[in-house]
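**Q** Starting off with a structure, shown below.
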Amino acid sequence: MIGDRIRELREGKEILLRQLAAQLDMDTALLSKMERGDRLFRKEDIVSLSEIFNQPLNELLTLWLADKVLQTVQEEEHQIEALELALATLNKNA
């Protein structure tokens, strides 16, 4: 999710992968893996990307966190039940 959004923003601004990687002070290959979803962005990267692309931080952080949650549960047998329980607990504590 977040990787697709970052690629969309980058391409929309006609910024090359290597140019964005330089702005983030990271290796181009690493950024490529992050855009493909093979590696997770760090929270600090999302903050920087929000500023670079002038995007609302909460929207990018929501996509980033959803990716983290999905990566954690994707191979688990009871993923739906666990997510429903977590959501119910969050709603109860809100």
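No lab work stands behind these numbers, since they all come straight from the coordinates. As the structure is a computational prediction, the values presented were derived from the model and not from experiment. Counting neighbours? That spans all protein chains shown, and the Cβs are built from the backbone with ideal geometry, glycine included.
**Q** Against the longest alpha carbon principal axis of the chain, how many degrees, from 0 to 90 and to the nearest 10, is the axis of helix 2-12 turned?
**A** 30
**Q** Between GLU75 and LEU30, what is the label-to-label distance in nm when each label sits 7 Å out along the Cα-to-Cβ direction?
**A** 2.3
**Q** Can you check how the C-alpha radius of gyration of the range 53-94 compares to 2.2 N^0.38 Å, as a plain ratio?
**A** Cα Rg divided by the expected 2.2 N^0.38 Å: 1.41.
**Q** Continuing with this model, one more query. Explain nothing, just the number: relative contact order of the chain, from Cα pairs under 8 Å at least 6 residues apart, as a whole percent.
**A** 27
**Q** Under a 10 Å cutoff between Cα atoms, tell me which one of LYS68, LYS13, LYS33 has the largest fluctuation in the Gaussian network model of the chain.
**A** Between LYS68, LYS13, LYS33, it is LYS13 that shows the largest mean-square fluctuation.
**Q** Could you tell me the ratio Rg/Rh of the chain? Both radii from Cα atoms, Rh via Kirkwood.
**A** Values: Rg = 15.2 Å, Rh = 14.4 Å.
Looking at the chain, the ratio lands at 1.05.
**Q** In debye to the nearest 20, how big a dipole does the chain give about its Cα centre with +1 on each Lys and Arg Cβ and -1 on each Asp and Glu Cβ?
**A** Computed about the Cα centre, the dipole is about 260 debye.
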